[in-house]
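Below: one structure, written as structure tokens.
Taken together, the values in this text are just the output of simple stated rules run on the coordinates, not laboratory data. The structure presented is a predicted model; accordingly, all values stated were derived computationally and were not measured.
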Amino acid sequence: MPSGQLLRSKNDRMIAGVCGGLAQWLGWDPTAVRALFALATIFSFGIGGLIAYIVLGIVMPMEDEPGV
């Protein structure tokens with residue numbers, strides 16, 4: 001069950017921190033979330049996963065830095 005607020009990750013990020021933030025929120029491994037996004041992008045001919053990632057990158061707020 002997801003817990004807490006859905007935020008982009010500052011520490012566990014490859015591009016915008018969307019997959020890292022989703023993984024933290026869901027309690028999953030970030031690599032599994034990245035693999036799911038990659039599969040969604042491949043199976044939707046580059047449209048679905050890419051659009052979802054861009055939208056989430058715009059909509060999801062960035063988490064605050066720890067200790068600040």
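Before anything else, pin down the relative contact order of the chain: Cα pairs under 8 Å, at least 6 apart, normalised by residue count, whole percent.
Relative contact order, the chain: 34 percent.
What list of ³J(HN,Hα) couplings, whole Hz, do you get for the stretch 46-61 from phi and the Karplus terms 6.51, -1.76, 1.60, once you set θ to phi - 60° and write x for glycine and proline?
Result, ordered by residue: x, 9, x, x, 5, 5, 4, 5, 5, 4, 5, x, 7, 7, 6, x Hz.
Assuming a ≥ b ≥ c are the square roots of the Cα gyration tensor eigenvalues, decide whether the stretch 18-59 counts as rounded (a/c under 1.5), prolate (otherwise, with a/b larger than b/c) or oblate.
Here the stretch 18-59 falls in the oblate category.
Which residues' amide hydrogens lie under 5 Å from the amide hydrogen of Arg8, considering only partners 5 or more residues apart or on another chain, with H built in the peptide plane?
HN-HN under 5 Å from Arg8: Met62, Glu63.
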